[in-house]
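*Asks:* Submitted below is the structure of interest, expressed as structure tokens.
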Amino acid sequence: MDVSFAGLPNTYFFLAGNREIIITRSEYPSHYGERKFNGYREWRKERSKFAVLIDKRVPIPIKEENVLLYLGAASGTTVSHLADVLSSGMIYAVEYAPKPFIKLLKLAKERNNIIPLLRDASRPETYSGIVEKVDWIYQDIAQKNQIEIFQKNVEFFLKEDGFGIIMVKARSIDSTRDVGEIYNAVTRKLEKEYTILNVVELSPYHKDHIAILIKL
Amino acid sequence: MDIQLYTQKHKTLPGPHMEEGSDLYLWYGRVKNGQIVDKTLNAEGENSEPLSFDIKSFALHQKIFQDEREYYSTLRELIINSEEMKLTHALKEEDKYIIALIKTLDEIIRDINLLNEKYRELKDLGYEDEENLILREIKTRINGLEELREIIEEEIRDKMEAIAPNLTSVAGGIVGARLIERAGGLDKLARMPGSKIQVIGAERALFMALRKKKKGKPPKHGVIYQHPYIRTLRKAVRGKMARYLSSKIAIAARIDCFGKTKYNEIAEQVKQRYENLNRGSE
């Protein structure tokens with residue numbers, strides 16, 4: 001079998017034809033139209049930025065039993081795979097827009113390790129009495145003040161030895177400035193408070209996006 | 001087992017639990033001075049400051065739940081129910097529905113006009129309905145669209161009556177709905193001054209007048225021109241009526257957005273004003 005361990009729990013590289021794909025072990029049905037291979041679901045790089053990190057072999061020290069706070073869960077594409085990865089952990093998935101939340105709620109009812117929150121990620125105080133201290137904060141919200149939102153959530157919920165992943169969409173921070181300049185400004189801002197472990201460009205799957213992995 | 005305390009790196013203030021007498025709202029209860037004082041489930045859980053301890057460890061330490069499993073299953077059930085209720089509420093924002101309906105209505109009206117135009121062009125070439133299948137088909141489609149248009153207008157009037165009775169009584173269902181659409185929601189309309197409502201839909205003319213001092217006067221009316229009380233007046237007094245009507249619309253929209261009562265006086269005042277202007281007594 002052309003399967004190899006991908007560095008994360010329940011996640012593997014799989015050779016389908018001559019293309020390498022990422023799969024997660026999952027007993028659940030397909031959530032966003034992804035292919036299923038008896039007991040595994042394909043994690044599509046075009047749909048999920050997290051999958052690109054795995055594709056690029058970025059080391060992510062996530063454990064099966066970790067608790068993760070997901071900001072900007074949208075309809076739950078990435079959440080569904082992270083729920084496979086964190087098979088004995090828990091995901092708090094925050095999304096403010098009602099339309100995609102419908103699908104996220106459906107997913108949460110199906111799994112027992114997702115807690116969906118229809119709240120505004122820029123106001124962590126509104127869910128401060130619900131979310132415990134977490135090992136990971138993952139943020140994928142394309143907003144101008146996304147770094148401030150991240151910092152606020154870190155202050156509220158991240159454990160002392162916790163990690164964070166921020167997906168930065170250059171074009172939502174500033175649509176006119178040079179992309180490299182924006183990345184520099186963002187990393188400099190984050191450097192002040194956290195240790196930056198890795199900065200990864202997500203091209204060609206996601207244009208003008210970078211992922212930043214930090215440690216508190 | 002000890003409570004795991006997580007002191008945050010960059011926090012200068014102590015956690016609110018350390019302050020005397022302050023309340024913390026956790027989903028499984030209220031905490032005061034480090035003690036659980038009220039064990040009721042509540043999906044809100046809002047606290048202004050980051051909590052300096054882990055709420056799960058605290059709950060398990062206080063033996064509120066037997067184990068982690070029970071903690072999570074209770075929390076999951078509570079949150080899924082509450083968020084589901086919130087979701088239905090959020091989706092039911094009926095002004096969004098009205099906005100969508102108005103947009104559909106505009107598309108349909110455009111289609112009717114286009115089809116009518118083509119229909120007339122074909123007729124001008126000398127073709128008649130009786131002998132030409134295409135003409136007959138076009139006519140049927142136009143009639144079908146006209147019917148659809150009426151159904152949608154009816155629905156808009158019904159919904160407007162339900163969510164904004166005062167606005168509907170002053171501006172009428174369709175004009176009111178158009179104003180909501182242009183403003184981007186009932187709450188946005190309610191926050192607008194009357195003078196802005198007066199020129200909604202005439203932005204081009206307005207900015208033209210503001211930019212070039214020589215060219216053009218500011219517009220008298222935008223969307224509200226479609227209101228029968230303005231359309232049917234003679235030109236000289238339309239501006240007066242538009243000014244009066246739009247300020248009353250602003251009042252009505254505010255009542256609908258922030259209150260519940262229906263006041264018939266506003267519509268009567270508007271009608272009075274219209275009659276005076278129409279008779280020429282002003």
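The values are calculated or read from the model by the stated rules, or taken from the named source; none is laboratory data. Not measured: the values here are computed from a predicted model. Neighbour counts run over all protein chains shown; Cβ positions are idealised from the backbone, glycine included. The protein model used for the area step is the full one, side chains on, heavy atoms only, and it has no ligands, DNA or RNA in it. Shrake-Rupley method; radii C 1.70, N 1.55, O 1.52, S 1.80 Å.
*Asks:* What single numbered condition from (1) within 13 Å of chain A (Cβ to nearest Cβ); (2) open to solvent by 10 Å² or more (accessible area, probe 1.4 Å); (3) in contact with a strand residue (DSSP E or B) (Cβ under 7 Å, 6 or more places away or on another chain) fails to hold for B:GLN62?
*Replies:* Here B:GLN62 meets the rest and fails (1).
*Asks:* Select from the stretch A:175-216 the residues that are in a loop (DSSP other than H, G, I, E, B) and of a type in the set (Gly, Ala, Ser) and write down the one among them that is most open to solvent (accessible area, probe 1.4 Å).
*Replies:* In the first step, residues of the stretch A:175-216 are kept if they are in a loop (DSSP other than H, G, I, E, B); the result is A:175-178, A:192-194, A:202-208, A:216.
Now narrow it down to the ones that are of a type in the set (Gly, Ala, Ser): A:175, A:203.
Details: A:SER175: 83, A:SER203: 50 Å².
The residue in question is A:SER175.
*Asks:* Determine if the stretch B:121-137 includes at least one residue that is among the hydroxyl-bearing types (Ser, Thr, Tyr), at pLDDT 90 or above and either out of contact with any Asp or Glu (no Cβ under 8 Å at 6 or more places or on another chain) or open to solvent by 20 Å² or more (accessible area, probe 1.4 Å) (or both). Even if it seems obvious, please write down each step before you answer.
*Replies:* Kept after step one, since they are among the hydroxyl-bearing types (Ser, Thr, Tyr), are these residues of the stretch B:121-137: B:127.
Imposing the further condition that a residue be at pLDDT 90 or above reduces the set to none.
No, the conditions are met nowhere in the stretch B:121-137.
*Asks:* I'm trying to understand the selection: among the residues of the stretch A:1-31, which are in contact with a Gly (Cβ under 8 Å, 6 or more places away or on another chain) and touching a residue at least 24 places away in the same chain (Cβ under 8 Å)?
*Replies:* Kept after step one, since they are in contact with a Gly (Cβ under 8 Å, 6 or more places away or on another chain), are these residues of the stretch A:1-31: A:25-27, A:31.
Listed by number, the residues that qualify are A:ARG25, A:SER26, A:HIS31.
*Asks:* Could you list, in sequence order, the residues of the stretch A:106-120 that are part of a helix (DSSP H, G or I), open to solvent by 10 Å² or more (accessible area, probe 1.4 Å) and at the interface with chain B (Cβ under 9 Å from one of its Cβ atoms)? Walk me through it before giving the result.
*Replies:* Here is the first cut: in the stretch A:106-120, the ones part of a helix (DSSP H, G or I) are A:106-110.
Narrowing the set further to residues that are open to solvent by 10 Å² or more (accessible area, probe 1.4 Å) leaves A:106, A:109-110.
Selection gives A:LYS109 alone.
*Asks:* Continuing with this model, one more query. Enumerate the helices (runs of 4 or more DSSP H) found wholly within the stretch B:174-264, keeping only those where 1 or more residues are crowded, with 22+ Cβ neighbours inside 10 Å. Show your work before the answer.
*Replies:* On the way: elements: B:186-190, B:194-199, B:203-211, B:228-231, B:235-258.
Because the criterion is at least 1 residues that are crowded, with 22+ Cβ neighbours inside 10 Å, the helices (runs of 4 or more DSSP H) in the stretch B:174-264 that meet it are B:186-190, B:194-199, B:228-231, B:235-258.
Per-residue answers, yes or no, for (1) at pLDDT 95 or above; (2) outside any helix (DSSP H, G or I); (3) over 15 Å from the mean Cα position of the chain (by Cα):
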{"site": "A:THR78", "(1), (2), (3)": "yes, no, no"}
{"site": "A:LEU104", "(1), (2), (3)": "yes, no, no"}
{"site": "A:SER122", "(1), (2), (3)": "no, yes, yes"}
{"site": "A:GLU125", "(1), (2), (3)": "no, no, yes"}
{"site": "A:ILE130", "(1), (2), (3)": "yes, yes, yes"}
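*Asks:* Being of a type in the set (A, V, I, L, M) and within 15 Å of the chain's Cα centre (by Cα) is the filter here, so list the residues in the stretch A:159-175 that pass it. Don't jump to the end; show me each part of the working.
*Replies:* Taking the stretch A:159-175 as the starting set, the residues that turn out to be of a type in the set (A, V, I, L, M) are A:165-168, A:170, A:173.
A:ILE165, A:ILE166, A:MET167, A:VAL168, listed by residue number.
*Asks:* Now a separate question. Report, by residue number, each residue of the stretch B:73-92 that is more than 7 Å from chain A (Cβ to nearest Cβ), of a type in the set (A, V, I, L, M, F, W, C) and touching a residue at least 12 places away in the same chain (Cβ under 8 Å).
*Replies:* Applying the first criterion (more than 7 Å from chain A (Cβ to nearest Cβ)) to the stretch B:73-92 yields B:73-74, B:77-78, B:81-82, B:85, B:88-89, B:92.
After this cut, where a residue has to be of a type in the set (A, V, I, L, M, F, W, C) as well, the list is B:78, B:85.
Scanning the stretch B:73-92 gives a single hit, B:LEU78.
*Asks:* For A:LYS159, only one of the following conditions fails: (1) farther than 23 Å from A:LYS215 by Cβ; (2) open to solvent by 30 Å² or more (accessible area, probe 1.4 Å); (3) at the interface with chain B (Cβ under 7 Å from one of its Cβ atoms). What is its number?
*Replies:* That leaves (1) as the condition not met.
*Asks:* Under the condition of being among the acidic types (Asp, Glu) and more than 7 Å from chain B (Cβ to nearest Cβ), which residue from the stretch A:132-156 is farthest from the chain's Cα centre (by Cα)?
*Replies:* Top of the filtered list is A:GLU148.
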